1. Scan segment 128-144 for residues that are open to solvent by less than 40 Å² (accessible area, probe 1.4 Å) and within 15 Å of ALA285 (Cα to Cα) and jot them down.
2. Just give me the residues in segment 176-193 being touching a helix residue (DSSP H, G or I) at 6+ places or on another chain (Cβ under 6 Å) and either open to solvent by 70 Å² or more (accessible area, probe 1.4 Å) or small (Gly, Ala, Ser) (or both), in sequence order.
3. Any idea which residue in segment 200-218 is farthest from PHE165 (Cα to Cα), counting only those that are open to solvent by less than 80 Å² (accessible area, probe 1.4 Å) and of a type in the set (S, T, N, Q)?
4. Quick check on segment 268-277. Is at least one of its residues open to solvent by less than 50 Å² (accessible area, probe 1.4 Å), in contact with a Phe, Trp or Tyr (Cβ under 8 Å, 6 or more places away or on another chain) and in contact (Cβ under 8 Å) with a residue 40 or more places away in the chain?
5. Checking the condition in a strand (DSSP E or B) and touching a Phe, Trp or Tyr at 6+ places or on another chain (Cβ under 6 Å), which residue from ARG157, ARG147 passes?
6. So which strands (runs of 3 or more DSSP E) are wholly in segment 1-59 and hold at least 2 residues that are in contact with a helix residue (DSSP H, G or I) (Cβ under 8 Å, 6 or more places away or on another chain) and surrounded by fewer than 16 Cβ atoms within 10 Å (Cβ to Cβ)?
7. When you scan segment 60-74, how many residues do you find that are within 20 Å of the chain's Cα centre (by Cα) and not in a helix (DSSP H, G or I)?
8. Restricting to segment 86-111, count the residues that are open to solvent by less than 40 Å² (accessible area, probe 1.4 Å), among the small types (Gly, Ala, Ser) and within 12 Å of ILE286 (Cβ to Cβ).
Amino acid sequence: MTMIGVDWGTTNLRAWRFADDGSVAEMRRGATGIGAMQGRDFAQLLHTKIGDWLDGDSRVILGGMVGSRNGWREIPYLACPASPGALAAGTLPVDLERASARIAPGLHCRTADGGHDVMRGEEVQLLGAGIADGIVVLPGTHSKWARVDSGAITGFRTFMTGELFALLARHSFLAQSIEGDAPDAAAFAKGVDRALADPAITSLLFTVRTEGLFDEIAPTALADYLSGLLIGAEVARGIDGADGPIAIIAEAALADRYAAAFARAGIADTRKIDGNDAAATGLWAIGNMTDWSRT
């Protein structure tokens, strides 16, 4: 039996073929997320990516936006708190030649003000990170701050930090002031500090214009300043109620950026976890806990 994990997001697809002990035997990736499907057949596309891995006795566990309303099959959200076993029990099958395939569910929670929040894909990484208790931050287009208690995901909150940065840096009035995106640690730190002191982000954003206008920050450093403002505002709100070390699940460069912001907020006890490794380990774990005989 060959176990295969697939993280199929909006932009990218990542696939792992696992050895019997759960280690990764082979990995493949491509920019064929569900946003690029445009009516294409999901099963056929997956066969073009991993068809040579399938042997008739393969088991394929999928996570991410592939289980959304716009994906292969909409998988109902699980309500928090959600244990690893509940994630496995919530998988549902899809048809795939030469394999048994199931999609993992996303999660839903109620926010403190009674609103709704959801995630798809991050719950797999949370499981794969192996964190029993604490706050976990998953930076990205839609950054997630999750609470884990006794291995169960009990709640979370979303910040649209990455998407706002892309929109503001490329398509807003502020984009006229920004030239390139050369790394500038001092500009980033200045943005973080300002947002930590006053996270009224809609006011602070205009300072991207004025800092450049009065030559306080070079145009080539304004992208990092903007990033610092947005991440600083996220951290300022997110750390309310934090009571211990914070884990960061992301690729190295982004994890380093958040760790630097946490340090400026007085939180030096952070643990960085590779997002690819967490996704692979989480899919393996869900696959091994799943009852593959269910329909």
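The values are calculated or read from the model by the stated rules, or taken from the named source; none is laboratory data. From a predicted model like this one, the values you see are computed outputs, not experimental measurements. All Cβ positions, glycine included, derive from the backbone under ideal geometry; neighbour counts span all protein chains shown. Only protein heavy atoms, including side chains, enter the accessible area calculation; ligands, DNA and RNA are left aside. Shrake-Rupley method; radii C 1.70, N 1.55, O 1.52, S 1.80 Å.
1. GLY128, ALA129, ILE131
2. If the condition is that a residue be touching a helix residue (DSSP H, G or I) at 6+ places or on another chain (Cβ under 6 Å) and either open to solvent by 70 Å² or more (accessible area, probe 1.4 Å) or small (Gly, Ala, Ser) (or both), then SER177, GLU179, GLY180, ASP181, ALA182, ALA187, GLY191 are the ones that fit.
3. Top of the filtered list is THR210.
4. No, that holds for no residue.
5. The conditions single out ARG157.
6. Hits in segment 1-59: 24-30.
7. Residues flagged as within 20 Å of the chain's Cα centre (by Cα) and not in a helix (DSSP H, G or I) within segment 60-74 amount to 10.
8. Residues that pass the stated criteria total 4.
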